[in-house]
Amino acid sequence: MTVRPLREALIDVEAIEHNVRHLRRLVQTEIIAVVKADGYGHGAVRAATAALSGGATRLGVADIAEAVALRRAGITAPIVAWLHAPGADFREAAEHGVELGISSFAQLQAAAAAASVGRSVGVHLKVETGLGRNGVEPREWQRVCAEAARLERIGQLRVIGVFSHLSNTSIEDDRAALARFHDALAEASAAGVHPPLRHIAASNAAIALPETRLNCVRLGLAIYGLSPLPGRSSADLGLLPAMTLRTSVAAVRRVPAGQGVSYGYTHRTASETTLALVPLGYADGVPRQASGRGPVVIGGRRFTVSGRIAMDQFVVDVGDADVSIGDEVVLFGDPTLGFPAAADWGDAADTIDYEIVTRIGPRVHRTAVSSEMTGGLR
């Protein structure tokens with residue numbers, strides 16, 4: 001008899017591959033598959049492998065440690081890392097052939113210092129176009145570009161890309177940022193910087209605003225089958241959610257009317273009823289903010305979390321439904337199969353689905369599956 005893990009996230013690697021292939025047909029340009037934060041909680045190595053199989057040509061991560069971990073796992077595709085600690089030493093990145101996102105003159109100098117004889121360092125210059133985060137400030141842009149061109153001429157750097165980020169606030173805001181980006185590209189060209197890649201669009205703009213696709217896009221959320229667009233589901237976009245979070249009912253008890261449930265008794269039973277105990281909690285990434293609101297499916301029926309979500313468990317008031325110990329509980333998965341979406345948990349916790357999948361903790365066992373292996377789950 002096979003015993004399931006107490007807490008399990010099924011990761012459909014074929015769904016990730018499908019999503020990248022589908023998006024590649026849509027955007028008709030090069031794809032950087034973003035696998036930061038352990039592949040948005042799906043597992044960075046498996047997500048990267050599936051994305052590359054689906055047609056992505058490069059990978060994106062937040063920091064160098066994430067990139068080096070992929071290299072040590074045997075991934076040889078180009079990888080760019082764009083968020084660095086103050087005073088970061090880029091020698092390890094250079095040794096592993098990791099491309100660097102550059103957001104300041106100091107970072108540019110540090111990247112050049114990591115070069116060695118016969119080994120230049122690949123960089124993507126980031127320009128600030130209005131998001132107010134990292135990126136070279138407009139008043140420094142010409143100086144950075146001039147120095148990057150010089151360092152490229154003497155063989156210390158290779159300027160592979162120029163990039164930025166969009167706010168996704170509105171079409172007007174994103175088009176304004178895109179216009180600033182085009183101005184920055186013109187200034188870079190005048191300074192002698194002619195990068196093969198230009199990328200500003202992430203999943204939202206890559207799908208919804210075609211003029212932002214340029215010749216490269218960075219796709220994160222969408223490759224995991226989640227919709228980046230308000231009001232449009234994953235199914236609307238032809239995407240397959242890759243993560244199904246599930247467990248089994250750990251205990252069942254029949255209780256009278258007036259029974260308090262979980263800490264603080266924020267839920268009391270209205271009549272005699274059955275309570276099912278679900279062994280997942282906020283230590284596993286289930287948001288406590290979704291207490292009393294988070295949806296689950298047990299035995300094909302949808303219920304709502306009753307009372308507060310605790311560190312390791314929560315309770316569901318299932319009324320008179322026939323629920324037994326060991327019954328499967330699905331918190332989220334593919335809504336076309338009748339499961340709640342990660343976005344439903346985002347709504348319940350007043351957050352977004354990005355956070356829901358990314359925050360799933362290390363106690364949850366990730367099981368890689370294919371669409372054919374998931375049976376009734378796909």
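The values are calculated or read from the model by the stated rules, or taken from the named source; none is laboratory data. Keep in mind the model is a prediction, meaning the values are calculated, not measured. Every residue, glycine as well, gets a Cβ built from its backbone with ideal geometry; the counts of neighbours run over all protein chains shown. Heavy atoms of the whole protein, side chains included, go into the accessibility calculation; ligands, DNA and RNA do not. Shrake-Rupley method; radii C 1.70, N 1.55, O 1.52, S 1.80 Å.
Worth pointing out:
- Scanning segment 237-251 turns up at least one residue that is surrounded by fewer than 19 Cβ atoms within 10 Å (Cβ to Cβ), at positive phi and either assigned to a helix (DSSP H, G or I) or not polar (S, T, N, Q) (or both).
- Among the residues of segment 302-332, just one is touching a Pro at 6+ places or on another chain (Cβ under 6 Å) and in a loop (DSSP other than H, G, I, E, B), namely Q313.
- Hits in segment 140-172 (condition: in a helix (DSSP H, G or I) and closer than 12 Å to T212 by Cα): I171
Conditions tested, residue by residue: (1) out of contact with any strand residue (DSSP E or B) (no Cβ under 7 Å at 6 or more places or on another chain); (2) farther than 14 Å from E99 by Cα.
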site	(1), (2)
L26	yes, yes
E30	no, yes
V35	no, yes
A44	yes, yes
G54	yes, yes
R58	no, no
A62	no, no
R72	yes, yes
T76	yes, no
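To keep it simple, each residue is scored yes or no on (1) out of contact with any His (no Cβ under 9 Å at 6 or more places or on another chain); (2) in contact (Cβ under 8 Å) with a residue 24 or more places away in the chain; (3) open to solvent by 60 Å² or more (accessible area, probe 1.4 Å); (4) over 30 Å from S233 (Cβ atoms).
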{"residue": "L10", "(1), (2), (3), (4)": "yes, yes, no, no"}
{"residue": "L26", "(1), (2), (3), (4)": "yes, yes, yes, no"}
{"residue": "A48", "(1), (2), (3), (4)": "yes, yes, no, no"}
{"residue": "E95", "(1), (2), (3), (4)": "yes, no, yes, yes"}
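- Complete set of residues in segment 264-289 that are open to solvent by less than 80 Å² (accessible area, probe 1.4 Å), assigned to a loop (DSSP other than H, G, I, E, B) and farther than 24 Å from A342 by Cα: T269, S271
- Any chance R218 is among the basic types (K, R) and surrounded by fewer than 21 Cβ atoms within 10 Å (Cβ to Cβ): no
- Contact map, segment 176-193: first residue hydrophobic (A, V, I, L, M, F, W, C), second residue open to solvent by less than 10 Å² (accessible area, probe 1.4 Å) and in a helix (DSSP H, G or I), Cβ cut-off under 7 Å, separation 6 or more or different chains; pairs are L178/T212; A184/W141; A188/C145; A191/C145; A191/A149; V193/C145; V193/A148; V193/A149.
Listed here are the residues, each with its yes/no results for (1) assigned to a helix (DSSP H, G or I); (2) within 15 Å of I160 (Cβ to Cβ).
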site: L178; (1), (2): yes, no
site: A188; (1), (2): yes, yes
site: L214; (1), (2): no, yes
site: R218; (1), (2): no, yes
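- Scanning segment 317-361 for residues being among the β-branched types (V, I, T), open to solvent by less than 40 Å² (accessible area, probe 1.4 Å) and more than 30 Å from E272 (Cβ to Cβ) gives a total of 4.
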